[in-house]
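Take a look at the structure below.
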Amino acid sequence: MPFDTRNPRLYLASRSPRRHELLAQMGIKCDSLFFRGTSRRDDDVDETAREGETPAGYVERLARVKAEHGWSIVDLRRLAPRLVLAADTTVELDGEIIGKPADAVAAQDTLRRLSDRTHRVLTAVALAFENRIESLVSVSEVSFGTLGDADIRRYVSSGEPMDKAGAYGIQGRAGLFVKHLSGSYSGVMGLPLYETALLLRDFGFPV
């Protein structure tokens, strides 16, 4: 059954307010599909990296799994047929996947590692509809200036890093840390608009 292109909406398999905002920036209306996890974690999706998995392979696999799981919710609940969009973001430094910090100490340690260095931010976006799943990965390079211990403590105490890959959100206070960005600003935020538009058009969704 095709989705309704006359009244286009999609399902967002994410709790991220940033992704809602970015879709709204594109003029796209969406409804959230909630998994069973908390606001910081989806317990139905195992986010553990597999042995030997590359950062790009890891983030794309998770986005596709979330999109597929989102579609299974649509099917199970007999919801109106709409595209399901999912995304996942990770940070890579020295070949290591850096996800969300477990606690404030881990957040501080991560930010010290990122200080005065360049890291990669990888965001995969996936679309699912019936038996079809397509995905793309956006890769950006972000260079931080030197972060002093006081800067790091102040930022971590704000609580902002705790649910974000790499322990920072570029759209928040951590924007002050960024000396240079090469790539997609929206991708670093959590949803690369260019790649998202490409996938939507490929599915025939009006953008």
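Since every read-out is calculated from the coordinates, none of them should be taken as a lab result. Everything numeric here is computed off the predicted structure, so don't read it as measured data. Counting neighbours? That spans all protein chains shown, and the Cβs are built from the backbone with ideal geometry, glycine included.
The table that follows gives values for the structure above.
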read-out	value
For Val156, Val178, Val137, order by how many other beta-carbon atoms lie within 10 Å, fewest first	Val178, Val137, Val156
Charge dipole (debye, nearest 20) of the range 9-202; +1 at Cβ of Lys and Arg, -1 at Cβ of Asp and Glu	660
Spin-label proximity, Ala104 to the range 146-182 - amide N less than 15 Å from point 7 Å beyond Cα toward beta carbon	150-163
Mean separation of Cα contacts under 8 Å, 6 or more apart, over the residue count of the range 77-130: relative contact order %	57
Gaussian network model of the chain, Cα within-10 Å springs - most flexible of Gly169, Gly159, Gly99	Gly159
The range 9-202: equivalent-ellipsoid semi-axes (sqrt of 5 x gyration tensor eigenvalues, Cα, Å)	29, 16, 16
Over the range 9-202, relative contact order from alpha-carbon pairs under 8 Å, at least 6 apart, %	22
Order of Met26, Met189 - criterion: other Cβ atoms within 10 Å of each residue's Cβ, fewest first	Met26, Met189
Structure-based [θ]222 nm, the chain - -39500 (n - 2.57) summed over DSSP H runs of at least 4, per residue, nearest 500	-10000 deg cm²/dmol
Gained length - Ala80 relative to Glu96, 0.36 nm times residue gap less alpha-carbon distance	1.8 nm
GNM top mover of Arg154, Arg64, Arg117 - the chain, alpha-carbon springs below 10 Å	Arg154
Exposure proxy ranking, count of Cβ atoms within 10 Å, fewest first, for Tyr185, Tyr194, Tyr11, Tyr58	Tyr194, Tyr185, Tyr58, Tyr11
R0 of 41 Å, Cβ-Cβ distance Ser72-Arg112: FRET efficiency to nearest 0.05	0.50
